[in-house]
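What follows is a short report on a single structure.
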Amino acid sequence: MSSLHSEKWLQNRQFGIVIDAGSSGSRIYIYSWINHQHLKETLPAHEFYGVLPTIEPGVESGSPYAAEWSKKTEPGIAEFKDRPEDVGEHLETLLDHALEVIPESEIANTPIYLLATAGLRLVQDDVRQQILNNSCSYIKENYGFHIGECKDHIKNISGEEEGIYGWVAINYLMGGFDNGDLHGSNNGSGTDQNNSTPYRHTLGFLDMGGASTQIAFEPSSQASKEHANDLTTVKLRTLDSQTLEYHVFVTTFLGYGSNQARRRYVKDYLLSTNKDWLETQKPGVQITIEDPCLPKNLQLSETHTMPHVPLMGSGSFTECLKRVEVLLNKDKECSDIPCLFNGVHTPPIDFNINTFIGVSEYWYSSHDILGLGGAYDYAEFERKSAEFCNSEWDDIKARPEYQSQSQERLEMQCFKSAWLSNVLHGGFGLPRFGEKGAIGSEEQSNEVLEKAEESIKNKNWRPPFQSINAIRDIQVTWTLGAMVL
């Protein structure tokens, strides 16, 4: 494939690789950029003054292979916990793909990073390290990519690191770092170039995977002073060697990803609340537990206890919202006030200042079935989620618009809608805005509500929350932030 890159595009171009070794699979991202020294020597000074390096996909835009800068393999790397010596089988497809994309002359100069996330954090320490060590050895022995110390290139990153990388990626792609001189006071007094509406210069970041969810944002000026010890300093270097400095709060909620939440819901809620009833049932008698978080008459066999108990969907989004809410564990003791949920300390979020971008499950659960990716309207999200959840399973399977969706996505959409809604509103405190009468709606700042409604109608203001998947052909993922830093 590399032979199909134009010679002009390849001139002075360098490459880098990040492998996101997640809980459900691993995906390789191949990035590229023009040599920084070359830019300094050839561009007028004003064109790189205060400018961050431009990182883009490792395949030329417009090429027949433009989508080949990224590739995924399943299952997740943690699935090799019982045979860590075979982890090379997992990586081979991804690494062979990179060899096809990156010119042979650049292989030795291309740094590669394998960064494992929440799925591997759930594996016991010694096995986790075996998987990482074997991954590094396999890459070094079979491929010519640049790896320095294994511990620096092949590692299990924390949820906080993942959150910082995601925060950098979002702001890098959406202009949050532009005009860094306007950021200085960190008081949200910047002005949108298209109108006079005040806004936070940097955007907050929300990410939800299968095992965990992260939040990263710059608190208000006052909150930053009060919670200075809780903030992480992020430093970015511009092409002219300036340093842009930001102070970011980041935290992760392990076990609060969509898949882990579903497991907790079934095992700790559905089964525990029906324990007495289950114990009275006679052996051999077919029993089912009603699950409002599944479409009507969808029957699934839960697999978290023995014997397996069939679940029958009753399709009630209202009831599902209520039952899922308990999973937030908001009653857990808060040892360091304030907390959001599960006793996790977080500086206060001011939605008159902070605006957030959600990726991964925030996008999939909004867009894939409901078609509501982008600016978030709570009432519309609620309406469409309830409509889907209340549908008969046979009708859902027969709808032409759902034929391209996986069965697992269709089965879990009702639950994931309720989980996303609870995390956003009950967890992070996002204002509920939209039509009157929305489930669980509450009084919010008139200013926030008015701006949110305006953003939905006119698309001319940053809403408190929006979900996105890609910007300028670059998938929004924390791996970009890792490469930028």
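Take the cross-link list K296/K384; K267/K322; K267/K332; K40/K235; K140/K235; K151/K416 and give me the ones stretching past 24 Å between alpha-carbons.
Checking Cα-Cα distances, K140/K235; K151/K416 exceed 24 Å.
Tell me which residues come under 5 Å, amide H to amide H, from A116 once H is placed; ignore anything under 5 positions away on its chain.
Those lying under 5 Å, H to H, from A116 are A21, K155, N156, I157.
Out of every Cα-Cα pair in the stretch 2-157, what percent are more than 20 Å apart?
Of all Cα-Cα pairs in the stretch 2-157, 52 percent lie more than 20 Å apart.
Cβ under 13 Å from R27's Cβ, R27 left aside: what net charge do those residues give with Lys, Arg +1 and Asp, Glu -1?
-1
What relative contact order, as a whole-number percentage, does the stretch 337-423 give when Cα pairs under 8 Å and 6 or more residues apart are counted?
24
Take each of the peptides 145-155, 37-47, 463-473, average the number of other beta-carbon atoms within 10 Å over its residues, and list them starting from the highest.
In decreasing order of mean packing, 145-155, 37-47, 463-473 become 463-473, 145-155, 37-47.
Every read-out reported here was derived from the displayed coordinates using simple, explicitly stated rules and does not represent laboratory data. Bear in mind the structure is a predicted one, so any value in this text is a computation, not a measurement. Backbone-built Cβ (ideal geometry, glycine too); neighbour counts: all protein chains shown.
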